[in-house]
Amino acid sequence: MKTLSVVLPVYNEEEMLKNVLKQIKKVNVLEIIVVANGCTDASVKIAKEEGCTVKVIEKRMSPHEARMEGAKTAKGDAVLFVDGDIILSASELERFVQPLLFGHSDVVLNKWGKMKTNAFNRSELMWSTVLHHAFGKPHHTNAYLKAPYGVQLSVLKNYWELPPLSLFVTFLTQYRVSMSMSIETQGKGSFRPFDRPLRTKERIQSYQKLLQTYYTLASNRKRRVNMLAQPIPVVEHGWGKLSSFYGGKQLSIIIPVCNEEQTIKQVIAEARKLEPLEIIVVINGSTDQSEAYAKEQGVKTLVYDERLGHDCGRAAGALAATGDILLFIDGDFVLSAQELYPFASAVASGVDVALNVCEDEAKLTHVVQGWKYVLNETVGRKDLLMSSMTAVPHAISRECLQKIGLQSLVIPPFAQVKAIIEDFRVQAVHHVDVNKFNRFRYSEHIPLKSHSPTAELIIHDHIFAFISYLQRD
């Protein structure tokens, strides 16, 4: 049986420390290392009185950095990390470390139970979800580097300097990981808002290495981006009118269409109620009557005989648009004018990018929603939750489009990040549940491996946006 060192970072935990140590001492441990992380109370004195090894850090570190500093002095075969402000019973700790001490695993992680969703643990759930899915472990969406967790010291010695997300992924992809036991920690421990900047810094340090090392960026081979540099194909010019709805601004509505003969007439009819200057239907490789029906309705029609690829139809429509406000919708389901108006109206009132509100708690652990959330969080817009330019309806101002570049629309998360970086007003303005309307396409929505082709493309788009953000000047 292997020996165990316990590493316990503390910050002014004098009221709880004795009880925390009392439980740990009931476990057969080689040593307890208390890391006094910027303490100003009697925690150091208590730790010494209790016979612990004490490492004093004057300038406060992040919790992860403090754990690693403690582990560097460990003498046991394995290291268990616990928190100084959460009392865990000796029986829980004994059972938790068994896989480590008997050599059955290299890492033990706490399996989260059902968590009540709030703004803080939503973030933790989302990151856990996207990382597990990214590395082919879609059935384990809970475990994360949150205390308690344990590691063989021989493993940990190779990775002292890795930030927590990178270390977590290293464990997940290269070592035997046990996460069969759940110890409830939610709602326990101290509230420390001053830790959040330190945690955010650690997380940002992880992003670029993680995404570049473990995930291959998708190329644009499925998207005919080069068509944006070509002359606009012959356009059938149709009906349009100057609107009084938008304070003197004019509206362009862009509708990419691929074999939507069943819905296109109704989609156009609802769009027309918004008094657009123009409705632009982009025929994107259709083989049915969609083109004929669009022309019958008297709208501006761009015809591409071959499919352009995801989102290129939006960019093509934007290239031909002349309005001050560009509203993007799809041709495969009908939304009423009442549902569409808030997006155009928001841009008329000063919003630059008006998004569909997406905050469905039931979908928190869906991998695509997870990527949307963590990207918004990374760029400082956690308030947007899972709202994204990947989804329709959304609208954009002419001024914003000119600044971020029309070609960025081909990768919607990238366009959204550029708009945020340029300090444009990006806001989720209205909720439309498009999932219940969206047309199911077997070639795009049937999962291959763990994701459908469409989900895989959206994930790659978000990774591209991540890396573009992190590499910005």
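Just a few scattered comments:
- Net charge, I325 excluded, C-beta distance under 13 Å - Lys, Arg +1, Asp, Glu -1: -3
- Report note on the peptides 53-59, 370-376: ranked by the mean count of other C-beta atoms within 10 Å, highest first, their order is 370-376, 53-59.
- Flagged links, alpha-carbon separation over 26 Å, of K26/K48; K273/K372; K59/K382; K265/K418; K22/K157; K273/K382: K273/K372; K59/K382; K265/K418; K22/K157; K273/K382
- For region 228-318, the alpha carbon convex hull comes to 94 Å³ per residue, rounded to a whole number.
- Overall form of region 1-115 per C-alpha gyration tensor (a/c, 1.5; a/b vs b/c): prolate
- Environment charge of T73, counting only residues whose C-beta is closer than 10 Å and scoring Lys/Arg +1, Asp/Glu -1: +1
- Between Q250 and D324, I325, the built amide H atoms are under 5 Å apart, and every one of these is 5 or more places off in sequence or on another chain.
- Heavy-atom accessible surface of region 21-67: percent carbon and sulfur, 1.4 Å: 48 percent
- Whole-number D in µm² s⁻¹ for region 275-430, Kirkwood Cα-pair radius fed into Stokes-Einstein, 25 °C, 0.890 mPa s: 151 µm²/s
- 12 Å beta-carbon shell around D352, net charge (K/R +1, D/E -1): 0
The values are calculated or read from the model by the stated rules, or taken from the named source; none is laboratory data. Predicted model only: the values in this text are computed from it and were never measured. So basically every Cβ, Gly included, is an ideal-geometry build from the backbone, and we count neighbours across all protein chains shown. Ligands, DNA and RNA are stripped out before the accessible areas are found, and what is left, the full protein with its side chains, is counted by its heavy atoms. Shrake-Rupley method; radii C 1.70, N 1.55, O 1.52, S 1.80 Å.
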